[in-house]
Amino acid sequence: MVNIKNLYKEFGSLMAVDDISFQVNRGEVLGFLGPNGAGKSTTMKMITGFLTPSSGSVSVDGDDIVNDPIKVKQRLGYLPEGAPAYPDMTTIAFLDFIAEVRGFKGREKSRRVDETIQRVNLDKVVYQSIDTLSKGFKRRVGLAQAILHDPDVLILDEPTDGLDPNQKHEVRNLIQNMAKEKVIILSTHILEEVHAVCNRAIIITNGKIVADGTPTELEAKSQYHNSITISVRAAADQANELRKSLLEVSGVYKLEALSEGDSGLLTYQVFPEANRSIIAEISQHIHQQKWEIEEMFVNKGRLDDVFRTITTGV
Amino acid sequence: MRFSQISVLFKRELSSYFATPIAYVFIVIFLFLSGIFTFYLGNFFALGQADLSAFFTFHPWLYLFLIPALTMRLWAEERKSGSIELLLTLPVTIGEAVVAKFLAAWAFTTIALFLTFPMWMTVNYLGEPDNAVIAAGYLGSLLMAGAFLAIGSSISALTKNQVIAFVITVVVCLVFILSGFSMVLDFFSWAPQIIVETISSFSFLTHFYSVVKGVIDLRDIIYFLSLITFWLFCTAIIIEMKKAD
Ligand SMILES: Nc1ncnc2c1ncn2[C@@H]1O[C@H](COP(=O)(O)OP(=O)(O)O)[C@@H](O)[C@H]1O
Ligand SMILES: [Mg+2]
């Protein structure tokens, strides 16, 4: 539905967006990840028609944002970074204005506005002017504005930035509830968020896409993927023996000691050779050695680890 | 340009003037200064004429400072607060937004000007003025205000800083006023007549005073309307170029 082709944006000598292409379809919630300055916001500004690309194209169902801006904008909802609004308007006046610009009139307009106020829990601040609202409420007003016309494509630039955990949870629920019938693209640098709401993630850095896949696929790129954390009840002086024995298990590539103190517990992280699963082998080994196991689990991999590896090249 | 979109934006803009004390402060100052200029500086009573020429004579000078104060926030504030990003990703074109903002500012000025009606009542009470001339004066004043506003709109689009917008607008408007001043024209007396006439033809004063005299010449009206169009066009171009900064 949303088709982004070879998008570039130059600011002077800086290439903020450097050949980005991807496609998103209905039902996909795409998380846009990347360190600060990666080009996430710039990309979103081009998708929503605020910035004109230096080259490349953005289209929604074949309609180009540059050639057919009004038609595309009617189908887009956009929450810009920082959720700007008109501070001296009240919540209700602002949403009324948005509804009118979106072409709603009379009863349909009030219905949309009321419904949206319910949906994002703005009842308490309906008659309050926006500049007196807390950050959480301001963000919700921004969200309300973006979803009022039930857009096919929703672009959210850091929708949960600066919210407290409860508010984050609420916003994520809201996004999940809308996910089925829409294309949702959201940027974030909170990785847990990707797990919570996205079914696809794109990592960008220096204006380029460096990874694209489901959160699970991305996690699989982690060196922790399929590694095993194991805690054995044993004295500290047995540590050397234990390590050696673990390293001899078939498929084990290396191991890291997490704690070898005097607590009577020796904890290790055991890494498999590439693309191998070693849980069966390790289990069997433990059984043979008759070790007393306190804890053992397989790691799926950590997104933040993948993120760091990819974006810093370490 | 779609009228429906312009009218929605216009409504929001106009009501935003009244959401803060700005509107009331502006109107009070406008009325107060109009009174001072007319009655004291303009020697309204001493002239013994029942007309409003003293009142209108000072309008260019009144506008020189008041209109930039009105227009400085027009676009600068949108850029500063980031709401421009919201505005321009709604289904409206830059042209519609420019026109709507301008019309709202113009309507606001019209309201302020309308509130000077006690002056008109006063002269009608004191004597028998030519009300057609007075109507022409109001028309000329509105047209000139429109030109000031359009200039202010462009300059407000150039910067995020409202103070800078104010100062530059005053300077540019001053140029448009002074180019009709006899002192300035004398300065160009060495130049061929045609140049002097061209300079003077660019002046607000030349056109404004001819309308105020009650001579409604289509050329004066066209002058102001084309000036407005030109500056609004510039505003749109400036916003298109500078919106991302
Ligand atoms: N209007 C602009 N003018 C110049 N440089 C800009 C502008 N907007 C963004 N940039 C630069 O482009 C890069 C990408 O910025 P941005 O898209 O905001 O990153 P992100 O949202 O991923 O943090 C940054 O280096 C930023 O400084
Ligand atoms: Mg950003």
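Being crowded, with 23+ Cβ neighbours inside 10 Å and hydroxyl-bearing (Ser, Thr, Tyr) is the filter here; which residues of the stretch B:57-85 pass it?
Matches in the stretch B:57-85: B:TYR63, B:THR71.
Considering each residue of the stretch A:12-48, count those that are away from ligand 2 (no atom under 15 Å from the Cβ), small (Gly, Ala, Ser) and either within 13 Å of chain B (Cβ to nearest Cβ) or not in a loop (DSSP other than H, G, I, E, B) (or both), and give that number.
Residues flagged as away from ligand 2 (no atom under 15 Å from the Cβ), small (Gly, Ala, Ser) and either within 13 Å of chain B (Cβ to nearest Cβ) or not in a loop (DSSP other than H, G, I, E, B) (or both) within the stretch A:12-48 amount to 2.
Restricted to the stretch A:80-93, and to residues that are crowded, with 23+ Cβ neighbours inside 10 Å and closer than 20 Å to A:ASP123 by Cβ, which residue is farthest from the other protein chains (Cβ to nearest Cβ)?
Residue satisfying both the conditions and the ranking: A:THR91.
Wholly within the stretch A:159-215, which strands (runs of 3 or more DSSP E) include no fewer than the required count, namely at least 1 residues that are away from ligand 2 (no atom under 16 Å from the Cβ), under 14 Å from the mean Cα position of the chain (by Cα) and within 14 Å of chain B (Cβ to nearest Cβ)?
Here the list is empty.
Pick out, from the stretch B:36-135, the helices (runs of 4 or more DSSP H) lying fully within it that include 2 or more residues that are within 22 Å of B:ILE177 (Cα to Cα). Outline the logic, then answer.
Details: elements: B:44-47, B:53-57, B:59-71, B:73-81, B:83-87, B:94-114, B:117-126.
Filter on the stretch B:36-135 gives B:53-57, B:59-71, B:94-114.
Looking only at residues that are outside any helix (DSSP H, G or I) and either in contact (Cβ under 8 Å) with a residue 60 or more places away in the chain or more than 11 Å from chain A (Cβ to nearest Cβ) (or both) in the stretch B:1-20, which one is surrounded by the fewest Cβ atoms within 10 Å (Cβ to Cβ)? Write out each step before concluding.
Step one: list which residues in the stretch B:1-20 are outside any helix (DSSP H, G or I), which gives B:1-2, B:20.
Retained after the next criterion (residues that are either in contact (Cβ under 8 Å) with a residue 60 or more places away in the chain or more than 11 Å from chain A (Cβ to nearest Cβ) (or both)): B:1-2.
Working: B:MET1: 11, B:ARG2: 13.
Ranking the candidates gives B:MET1 first.
Take the stretch A:234-247 and flag every residue that is within 39 Å of the chain's Cα centre (by Cα) and open to solvent by 20 Å² or more (accessible area, probe 1.4 Å).
Within the stretch A:234-247, the subset within 39 Å of the chain's Cα centre (by Cα) is A:243, A:246-247.
Matches in the stretch A:234-247: A:ARG243, A:LEU247.
Please pick out the residue among A:PHE11, A:PHE22, A:PHE32 that is within 12 Å of ligand 1 (Cβ to nearest atom) and open to solvent by less than 20 Å² (accessible area, probe 1.4 Å).
Numbers: A:PHE11 fails: open to solvent by less than 20 Å² (accessible area, probe 1.4 Å); A:PHE22 fails: within 12 Å of ligand 1 (Cβ to nearest atom).
Only one candidate qualifies: A:PHE32.
Give the stretch A:264-314 a look and list any residue that's open to solvent by 50 Å² or more (accessible area, probe 1.4 Å) and part of a strand (DSSP E or B), or say none.
A:ILE293, A:GLU294, A:GLU295, A:MET296, A:PHE297, A:VAL298
When only residues in the stretch A:51-72 that are without any contact (Cβ under 8 Å) to a residue 24 or more places away in the chain and open to solvent by less than 20 Å² (accessible area, probe 1.4 Å) count, which is nearest to ligand 1 (Cβ to nearest atom)?
Here the residue is A:ILE65.
Go through the stretch A:192-210 residue by residue and tally those that are surrounded by fewer than 20 Cβ atoms within 10 Å (Cβ to Cβ), at pLDDT below 90 and either charged (D, E, K, R) or within 16 Å of ligand 1 (Cβ to nearest atom) (or both).
Counting residues in the stretch A:192-210 that are surrounded by fewer than 20 Cβ atoms within 10 Å (Cβ to Cβ), at pLDDT below 90 and either charged (D, E, K, R) or within 16 Å of ligand 1 (Cβ to nearest atom) (or both) gives 1.
The values are calculated or read from the model by the stated rules, or taken from the named source; none is laboratory data. Because the structure is predicted, anything quoted here is derived from the model rather than measured. Using ideal geometry, Cβ is built from the backbone for each residue, glycine included, and neighbour counts are taken over all protein chains shown. Surface accessibility is based on the protein's heavy atoms, side chains included, excluding ligands, DNA and RNA. Shrake-Rupley method; radii C 1.70, N 1.55, O 1.52, S 1.80 Å.
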